[in-house]
Amino acid sequence: MKILFAAAEAYPLAKVGGLGDVAGSLPKALRELGHDVRIAMPRYGTIREATKELGSFPVSIGGADHDSKLRTLRLGEVPVYLVDFAPLFDRTKVYEYPDDGQRFAFFGKAVLDLLPAADWWPDVVHLNDWHSALAAAYLKTSYAAQERYRRIGCVLTIHNLQHQGLFGRDVFDWAGLPAETWDPEGVEFYGKMNFLKAGIVYADRVNTVSPTYAKEIQTEAFGFGLDGLLRSRAAKLSGILNGIDYDVWNPARDSNIPQKYSKSSLEKKGKNKAALQKEADLPALSKVPLIGIVSRVTEQKGFDILIPAIPEIMNLGVQVVLLGTGEAVYQEPLEAFAAAGKGFVAYLKYDEPLAHRIYAGSDFFLMPSKFEPCGLGQEISLRYGTIPIVRETGGLADTVVDVTTDSKEGNGFVFQEYKAGALVDVVRRAVEFFRTRRGWRSLQQQAMTRDLSWRASAKAYADLYKEARSG
Ligand code: ADP
Ligand code: GLC
């Protein structure tokens, strides 16, 4: 099958979070199953890789015809089409500009408009999150009269329902969709233009990135106002657990870590811990439990309960190394804890190699998310034999099994209540388990046993594409 995979990020060209990881690895896994998958993404100013120019194509939007360049390169075996329209994309960041509505309406349309210039017609377009979701609305309305577009199936993957792409009516007017789509049954959402809703309404199939999150988003507590719509679309909604790229995340071959190791040489993992402690200026004591955190610093990731819990967690005699960037309201108290110098170290930046060193060098990986569509941090840490401590929600619930509920399948520590006290309790339980040493090595091995590669999930996507084609 021929699939055009559209996303705003794809590692290593651009990555803000897990979407970048998925776009960098799922297409590769689908190629290995024999599908002709190609990626479409904007060409940001930060993309310096050499490209081949395939000519230019018109994008008719905002009442004008804009000339966009089409460039291509390869990520391994996967061809990438880069939409090179400098006025909107030649910038240093992926998101968070005042004209994001225009930028990603343009991208959504360009995903379809680039096809004649590429001279390649997919069977399915696979859209990801709100940034490319508008392509579904164009495809099923303005473009539906054209035979070569009509035969294209459309899949939308929701990586995070919190971010919907909400803009004023001006963005709708600029996008130029048919007037009748400005309707509660279309792209309108309480007087606003809602990109993600457009995708949910018009795509042939909608999925999210774990089975549990697919259920959760149909409830008011997790639905961000779209739960009613999702319930009404339940028959075309499913959950497929994300995998991780086993070439990028492999402790036996990771050139970013000081000491490579595998399931059968776990004793070597300690060297990574000692190196991380040294790097973080912490006492290099193997018996002190080291907890790693690599995360966007936002409400989603549990900082509302983590920050008040930090003093009690530190009283358990642990070391914490945190890597992350995000909201100032959380970063400021984290900086204050770090300044106190009591074993809490915070790197408030984005740093890919350091993330690898933390996954490899920590004993535990903490992810107390409020909600989590899938979560890759806990999957990576399992692969590195670093024991996850997580809240039971979304993909965390689908990947981490508490060691005390199932001693055979158990691979981590899980808590339920979104409260600082419950978080302290689970960390205490984890630390006690670590200190007794009984069963620690087999717990690490159990963590590393779980298959988190893309193999099974890539097959599930291939099935979903088939369904999308048959309408
Ligand atoms: P989300 O996509 O919601 O941020 P995920 O757990 O799915 O969460 O994916 C996060 C990805 O981003 C992981 O690969 C993680 O290692 C990486 N990451 C997050 N913050 C940083 C950071 N500050 N530096 C390096 N990598 C980071
Ligand atoms: C989102 C979610 C995260 C998920 C990632 C990739 O950013 O927050 O849970 O793993 O997308 O699908």
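The values are calculated or read from the model by the stated rules, or taken from the named source; none is laboratory data. Not measured: the values here are computed from a predicted model. Here the Cβ positions follow ideal geometry from the backbone for every residue, glycine too, while neighbour counts run over all protein chains shown. All accessible areas refer to the heavy atoms of the entire protein, side chains included, with ligands and DNA or RNA removed. Shrake-Rupley method; radii C 1.70, N 1.55, O 1.52, S 1.80 Å.
Annotations for the structure displayed:
- Reachable lysines from Lys69, criterion Cα separation under 30 angstrom, eight or more residues apart if same chain: Lys2, Lys15, Lys28, Lys52, Lys93, Lys109, Lys140, Lys197
- Taking a ≥ b ≥ c as the square roots of the eigenvalues of the Cα gyration tensor, the range 28-119 is prolate, since a/c reaches 1.5 or more and a/b is larger than b/c.
- Label zone at Glu299, where the point sits 7 Å out along the Cα-to-Cβ direction: the range 406-429 residues whose backbone N lies under 17 Å: 418-420
- Averaging Cα coordinates gives a centre for the range 394-471 and one for the range 202-244; these two points are 21 Å apart.
- Shape of the chain, Cα gyration tensor, a/c cut at 1.5: prolate
- Cleavage-rule hits (chymotrypsin sites (Phe, Trp or Tyr not before Pro)) in the range 66-157: DSSP loop, at most 15 neighbouring Cβ within 10 angstrom: Tyr95, Trp120
- Normalised per residue, the accessible area of the chain is 39 Å², obtained with a 1.4 Å probe and no contribution from ligands, DNA or RNA.
- Residue-wise HN-Hα couplings along the range 418-433, as the Karplus relation 6.51 cos²θ - 1.76 cosθ + 1.60 with θ = phi - 60° gives them from phi, are 7, 9, 4, x, 5, 5, 4, 4, 6, 5, 4, 4, 5, 5, 5, 4 Hz; Gly and Pro carry x.
- Here the 3J(HN,Hα) profile of the range 214-228, calculated from phi with Karplus coefficients 6.51, -1.76 and 1.60 at θ = phi - 60°, is 4, 7, 4, 5, 8, 10, 4, 4, 10, x, 6, x, 9, 4, x Hz, Gly and Pro shown as x.
- Pair Glu409, Arg435: separation of 7 Å Cα→Cβ label points (nm): 3.0
- Helical contribution to [θ] at 222 nm, DSSP H n ≥ 4, -39,500 (n - 2.57), averaged over the chain, rounded to 500: -11500 deg cm²/dmol
- Between Gln416 and Ser232, full extension at 0.36 nm per residue minus the direct alpha carbon distance yields a gain of 63.4 nm.
- Gain on full stretching of the segment that runs from Glu53 to Asp67 - 0.36 nm per residue minus C-alpha separation: 3.7 nm
- Loop sites in the range 280-334: trypsin sites (Lys or Arg not before Pro), DSSP, at most 11 other Cβ within 10 Å: Lys287
- Once the Cα atoms are used to define both axes, helix 269-279 deviates from the longest principal axis of the chain by about 90 degrees.
- Pairs of Lys residues in the range 263-451 that lie 8 or more places apart, or on two chains, and have C-alpha atoms under 17 angstrom apart add up to 16.
- Sparse-neighbour loop sites [trypsin sites (Lys or Arg not before Pro); the range 105-174; at most 15 other C-beta within 10 Å; DSSP]: Arg151
- For the chain, with all protein chains in place and a probe radius of 1.4 Å, 50% of the accessible heavy-atom surface sits on carbon or sulfur.
- Cα shape, the range 263-451, gyration tensor, a/c 1.5 rule: rounded
- Rounded to the nearest 10 degrees, the inclination of helix 455-469 to the longest alpha-carbon principal axis of the chain is 20 degrees.
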